[in-house]
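J.: Mind having a look at this structure? Questions to follow.
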Amino acid sequence: MDVPTEATPGDGGRGLGRRPVLRAALAAGVALPVALMGVPALARTVGEAGGAPEPTPRCDDGDDPTPPQMEGPYFKPNSPRRTAMPDGPGTRLTVSGYVFGLACQPLAGVLLDFWQADANGVYDNTGFRFRGHQFTDARGAFTLSTIVPGLYPGRTRHLHVKVQAPGRPVLTTQLYFPNEPRNNTDALFDPRLLMTVQDSGTSRTAAFDFVLAVPGTGPTTTTTSRPGGGTWAAGVDYAAGARVTHGGAAYACRQAHRAQVGWEPPNAPALWSAA
Ligand SMILES: [Fe+2]
């Protein structure tokens, strides 16, 4: 078993901002409207007061960059480039989100290097199991397919990640799971780094958006729907269970939402599953 040397308080600046209130509530298990549970991506992108959704992914805390956390003892450079880490048994976990700059502009080509423990709470320090890097696409989006990391002594459940926009400093941080008992006792835990997680019973779908200290002038994506073909369309209100086709594949709606550019299946696994 790995020695839990990460369990050393090392993250300064834990003050809560605006959006973290929601995340803190999730961490504490406070009852929230169903519409907000597990779907921060929706909470982030739906317009104010129930109005029309924003045409592009929107970040609401662009003045509040994602806080750093300690690297810990288990990082290894030169991880393989991959978005899926089918490296062992465990509960499947899909993590998706966007990387924004300070002006909420989506950042393309951002390096995300993930590493985590296996289902037994053990890191692979000789090979690259559960280690991999990828780059955000033109919309600033990323998706990682992995498993839920196991617990090990001294820490709550977490993922490690390094995030670096081209030519910019590296952000090293960790991501956390809501409703974990150890969140209350892990000195490193920071509610600003909570993912929102949907648990289907056999797998989990998580969302987290990073904000990097990259200046910008505003969103750069457009409202033009990208090619893909099929029946899916932006602006349509889909009910849970609705079926669409996109890019030659069929999908079922997992939760009611109004479709937006960027939420096409399979790019939004919290919203669409293969049918
Ligand atoms: Fe760790």
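J.: Name the pairs whose Cβ atoms lie under 6 Å apart, with the first residue in region 143-155 and in the same structural domain as N120 (by TED's automatic domain parsing) and under 12 Å from T185 (Cβ atoms), the second part of a loop (DSSP other than H, G, I, E, B) and more than 10 Å from the ligand (Cβ to nearest atom), and 6 or more positions between them or separate chains?
T.: Qualifying pairs under 6 Å: R155/D186.
Okay, residues lined up against (1) more than 20 Å from Y74 (Cβ to Cβ); (2) touching a residue at least 40 places away in the same chain (Cβ under 8 Å); (3) in the same structural domain as M70 (by TED's automatic domain parsing):
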{"residue": "T173", "(1), (2), (3)": "no, yes, yes"}
{"residue": "Y176", "(1), (2), (3)": "no, yes, yes"}
{"residue": "R182", "(1), (2), (3)": "no, no, yes"}
{"residue": "T185", "(1), (2), (3)": "yes, no, yes"}
{"residue": "L188", "(1), (2), (3)": "no, yes, yes"}
{"residue": "R192", "(1), (2), (3)": "yes, yes, yes"}
{"residue": "M195", "(1), (2), (3)": "no, yes, yes"}
{"residue": "T202", "(1), (2), (3)": "yes, yes, yes"}
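J.: Follow-up. Return only the number of the condition from (1) away from the ligand (no atom under 14 Å from the Cβ); (2) surrounded by fewer than 23 Cβ atoms within 10 Å (Cβ to Cβ); (3) closer than 17 Å to A207 by Cα that G140 does not satisfy.
T.: If we test G140 against (1) away from the ligand (no atom under 14 Å from the Cβ); (2) surrounded by fewer than 23 Cβ atoms within 10 Å (Cβ to Cβ); (3) closer than 17 Å to A207 by Cα, just (2) comes out false.
J.: If you don't mind, another one. Within region 157-171, track down each residue that is part of a loop (DSSP other than H, G, I, E, B), surrounded by fewer than 20 Cβ atoms within 10 Å (Cβ to Cβ) and within 16 Å of the ligand (Cβ to nearest atom).
T.: Once the filter is applied, which keeps residues that are part of a loop (DSSP other than H, G, I, E, B), surrounded by fewer than 20 Cβ atoms within 10 Å (Cβ to Cβ) and within 16 Å of the ligand (Cβ to nearest atom), region 157-171 yields nothing.
J.: Return only the number of the condition from (1) within 16 Å of the ligand (Cβ to nearest atom); (2) assigned to a loop (DSSP other than H, G, I, E, B) that P86 does not satisfy.
T.: Result: P86 passes all but (1).
J.: Out of all the residues in region 89-121, which are within 16 Å of the ligand (Cβ to nearest atom), among the hydrophobic types (A, V, I, L, M, F, W, C), in contact with a Phe, Trp or Tyr (Cβ under 7 Å, 6 or more places away or on another chain) and in a loop (DSSP other than H, G, I, E, B)?
T.: To start, the set of residues in region 89-121 that are within 16 Å of the ligand (Cβ to nearest atom) comprises 90, 93, 95, 113-121.
Within this subset, residues satisfying the condition of being among the hydrophobic types (A, V, I, L, M, F, W, C) are 93, 95, 114-115, 117, 119.
Okay, now just the ones that are also in contact with a Phe, Trp or Tyr (Cβ under 7 Å, 6 or more places away or on another chain), so 95, 115, 117.
Within region 89-121, A117 is the sole residue that qualifies.
J.: Now a separate question. Which of the residues belonging to region 125-151 are farther than 17 Å from L93 by Cβ and either in contact with a His (Cβ under 6 Å, 6 or more places away or on another chain) or part of a loop (DSSP other than H, G, I, E, B) (or both)?
T.: N125, T126, G127, F128, T136, D137, A138, R139, G140
J.: Examine region 102-122 for a residue that is modelled with pLDDT under 95 and surrounded by fewer than 20 Cβ atoms within 10 Å (Cβ to Cβ), and state whether such a residue exists.
T.: Within region 102-122 (the criterion being modelled with pLDDT under 95 and surrounded by fewer than 20 Cβ atoms within 10 Å (Cβ to Cβ)), the answer is yes, since at least one residue qualifies.
J.: Residues being within 21 Å of G140 (Cβ to Cβ) and at pLDDT 75 or above: count how many of those fall in region 245-258.
T.: Residues in region 245-258 being within 21 Å of G140 (Cβ to Cβ) and at pLDDT 75 or above: 2 in total.
The values are calculated or read from the model by the stated rules, or taken from the named source; none is laboratory data. Keep in mind that what you see is a predicted model, and the values were worked out from it rather than measured. So basically every Cβ, Gly included, is an ideal-geometry build from the backbone, and we count neighbours across all protein chains shown.
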